[in-house]
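Below is one structure, written out as structure tokens, with a few remarks after it.
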Amino acid sequence: MLALAAQHVEMCTPTFSAEQQKHLAKSLTTFVSQYSYLTDSYIIEFFSEDLWHTLPPSWQPVLQDLSPPQTADLLLDAALEDRRYPSVWPLSLLAFRATAHALAFPRELSRDRAGVAGAVRPGEFLENHSQSALLGHIFRKHVKPKKQHEIRKLGMLVKKLCDLTDCKRVVDVGSGQGHLTRFLSFGLGLSVTAIEADHALVAMASKFDGELVCALDKERQKKVGSSQLPLSHPVPHHVAGWVNPSASWETFIHQLRAADCISDGPPTPFRVSKKRLRSEDEQRNSHAAQTSPSLRSTQHPDRSQNSNKDESDEELFTDNCCSGATGDSEEGVHPEQTSVRSSPDFVLTGLHACGDLSATLLRHFVTCPHVRGITSVACCYMKISTEENPTPPGLVTPPNPLTHRAETLPSAFGYPMSSWVKGLPGHQLSYKAREAACHAVEDYVQRLREGSPLLRSHCYRATLETFIRDARPDLRRAGIQTIKKSHRLSFNEYARLGLPRVGLPPDLPLDLDRVQAMLNQQNRVVVYFSLALLLAPVVETLVLLDRMIYLQENGVDSQMVPLFNPTLSPRNLVLVALKPNGP
């Protein structure tokens, strides 16, 4: 079934057997641990910690004079065939580069795979850089090009999983302003419950839903008697809630069902009532409406209009959703347990679910019998909890700890998830290594090839760090935040703006000869950063492969799909899994 879904989107990576996955994980942990001095380094300490001389002595002379375009060609571009070396490189350096490229999951679609050298904007934006030609106009409002590209691609994949599992229901976790949710529901005809912890984003999502409904109503009114517009659409449910990583799947289901009970109240300005939906269904059955031109480009060719859909399909998790409190129960079974058991099956999705949230969704997919399939797009690896660092900076915590008391499940870390990876020597990933895995290789390659002035930002910050430590030895890696358009400033201007942010006077005396000596080493800073960046996809691969092995250990095959264009959407790898058919 996974292969069928992959064929539909025409962009699937090869399936790994269980043994191949384990072998790759072992190779990854060995390689990453060997070069941890690169993955764990902070580029702002380039001068203060003399990072250049931490490189193997045989590497330094051949790398020190590389220009930015040469750095792109000789280090970061995996597909370039005609490499021209200014000097003979040591075999250890060639092996390092080749191994890093070989171990990382491919980040390009198979039909477009030409390494970072071929990275271009997707064809859907060639006519208009801000409007996708493949997405209906009603789904582009309030949506940036990157998100337009993502919701169209992921939405079609989720729809295919729903078709394969015979599910019309989707749960979108970490839904934000509901852009994916609206495309799944209004565009692809799926019943969707969206969960988002930020109440302000939930309110915004409901507002945007209302705007879309009004836009559809206006189009329908302009074409009275026309069969060109569908007369009803599934209206998404938006849930303001935090998904507890240590909670059971039963708690997760109750969270969904309770939210849908609440949403059965009087219609708001941004919600279509059930009565209206039923009325429009009756109209639709008598008119045999066809797909709207505004929606046509967003729908799968085989998509039906759901004209025979049961009333129970109109809303997610509303069948006896309050039975835990008032409904009948099986003999000897608590009403809430009956309610959970009778929940409908659904497909779970998370578009860039932050930190531990992606791992939590995978655990619910494995343990909850009602989750038939999952598409998981991860991000913010540095916010993942580990045994060595259970509370990393930025870890998402409950908005109201008093309402999220300890659950019955033991605490589970976001990495590693699998028993196999946990047992491998050197599997540990530092906070810095996981943070670096979020960097965009393709974007940096473009900067290198263009000789962008943005390249000087790391050298500026590393130079400033030396003077900060001279003045305040107790300050290490003090955050000065982003200085806008720093690449357009002289270093003195940059220092004048940055020093006060760490409590130092803006006119702190600077040794200008020393400053210039460090700025002259900008190419070395760029090369060192590129060496560390070369390992970013390798670290990301290890994190994602660990999740694939976790699923395999629980009897579920999965595949990793480079679904999005990596130039537009750097976190473009989607973990796709379907549960095997069974009794």
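The values are calculated or read from the model by the stated rules, or taken from the named source; none is laboratory data. Remember, it's a predicted structure, so these values are computed and weren't measured experimentally. Backbone-built Cβ (ideal geometry, glycine too); neighbour counts: all protein chains shown. Side chains are part of the model used for accessible areas, which takes the heavy atoms of the whole protein and leaves out ligands, DNA and RNA. Shrake-Rupley method; radii C 1.70, N 1.55, O 1.52, S 1.80 Å.
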Taking helices (runs of 4 or more DSSP H) that fall entirely within segment 25-108, which contain at least 2 residues that are touching a strand residue (DSSP E or B) at 6+ places or on another chain (Cβ under 9 Å) and among the aliphatic types (A, V, I, L, M)?
none
Is it the case that segment 410-423 has a residue that's of a type in the set (A, V, I, L, M, F, W, C), more than 23 Å from PRO106 (Cβ to Cβ), assigned to a loop (DSSP other than H, G, I, E, B) and open to solvent by less than 50 Å² (accessible area, probe 1.4 Å)?
yes
Checking CYS459 against (1) open to solvent by 20 Å² or more (accessible area, probe 1.4 Å); (2) in contact (Cβ under 8 Å) with a residue 40 or more places away in the chain, only one condition comes out false. Which one?
(1)
GLU127 versus (1) of a type in the set (Asp, Glu); (2) under 20 Å from the mean Cα position of the chain (by Cα); (3) modelled with pLDDT under 90: which is the lone unmet condition?
(2)
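Looking at ARG107, ARG169, ARG152, ARG182, which one is at pLDDT below 90 and among the basic types (Lys, Arg)?
After applying the criteria, what remains is ARG107.
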With the checklist (1) farther than 26 Å from MET156 by Cβ; (2) open to solvent by 50 Å² or more (accessible area, probe 1.4 Å); (3) modelled with pLDDT of 90 or more in hand, flag the one item ILE253 doesn't pass.
(2)
Would you confirm, using the coordinates I've provided, whether LYS141 is within 22 Å of HIS238 (Cβ to Cβ) and either out of contact with any strand residue (DSSP E or B) (no Cβ under 8 Å at 6 or more places or on another chain) or open to solvent by 10 Å² or more (accessible area, probe 1.4 Å) (or both)?
yes
Regarding ASP507, is this residue of a type in the set (Asp, Glu), surrounded by fewer than 12 Cβ atoms within 10 Å (Cβ to Cβ) and under 18 Å from PHE46 (Cα atoms)?
no
Just for segment 35-87: of the residues that are closer than 21 Å to GLU465 by Cβ and of a type in the set (D, E, K, R), which one is surrounded by the fewest Cβ atoms within 10 Å (Cβ to Cβ)?
ASP50
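Those residues that are assigned to a strand (DSSP E or B) and buried (at least 20 other Cβ atoms within 10 Å of the Cβ), I need them from segment 234-250; list them, please. Explain how you work it out, then say what you get.
Applying the first criterion (assigned to a strand (DSSP E or B)) to segment 234-250 yields 237-240.
Those that are assigned to a strand (DSSP E or B) and buried (at least 20 other Cβ atoms within 10 Å of the Cβ): HIS237, HIS238, VAL239.
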So the check is Cβ under 6 Å with 6+ separation or different chains; which pairs have a first residue in segment 195-221 that's touching a residue at least 12 places away in the same chain (Cβ under 8 Å) and a second one that's acidic (Asp, Glu) and buried (at least 20 other Cβ atoms within 10 Å of the Cβ)?
VAL202/GLU196
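Specify which of the listed residues (ALA536, ALA532, ALA478, ALA495) is surrounded by 15 or more Cβ atoms within 10 Å (Cβ to Cβ), more than 30 Å from SER569 (Cα to Cα) and of a type outside the set (S, T, N, Q). Spell out how you get there, then give the answer.
Values: ALA536 fails: more than 30 Å from SER569 (Cα to Cα); ALA532 fails: more than 30 Å from SER569 (Cα to Cα); ALA478 fails: more than 30 Å from SER569 (Cα to Cα).
Going through ALA536, ALA532, ALA478, ALA495 in turn, just one is surrounded by 15 or more Cβ atoms within 10 Å (Cβ to Cβ), more than 30 Å from SER569 (Cα to Cα) and of a type outside the set (S, T, N, Q): ALA495.
I'm trying to understand the selection: among the residues of segment 351-365, which are of a type outside the set (Gly, Ala, Ser) and part of a helix (DSSP H, G or I)?
Residues of segment 351-365 that are of a type outside the set (Gly, Ala, Ser), as a first pass: 351-352, 354, 356-357, 360-365.
Once the filter is applied, which keeps residues that are of a type outside the set (Gly, Ala, Ser) and part of a helix (DSSP H, G or I), segment 351-365 yields ASP356, LEU357, THR360, LEU361, LEU362, ARG363, HIS364, PHE365.
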Inside segment 462-475, can you point out the residues that are open to solvent by less than 70 Å² (accessible area, probe 1.4 Å) and in a helix (DSSP H, G or I)?
ALA462, THR463, LEU464, GLU465, THR466, PHE467, ILE468, ARG469, ALA471
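Can you tell me which residues in segment 485-505 are among the basic types (Lys, Arg) and in contact with a helix residue (DSSP H, G or I) (Cβ under 9 Å, 6 or more places away or on another chain)?
Taking segment 485-505 and keeping what is among the basic types (Lys, Arg), we get 485, 488, 496, 501.
The one that is among the basic types (Lys, Arg) and in contact with a helix residue (DSSP H, G or I) (Cβ under 9 Å, 6 or more places away or on another chain): ARG488.
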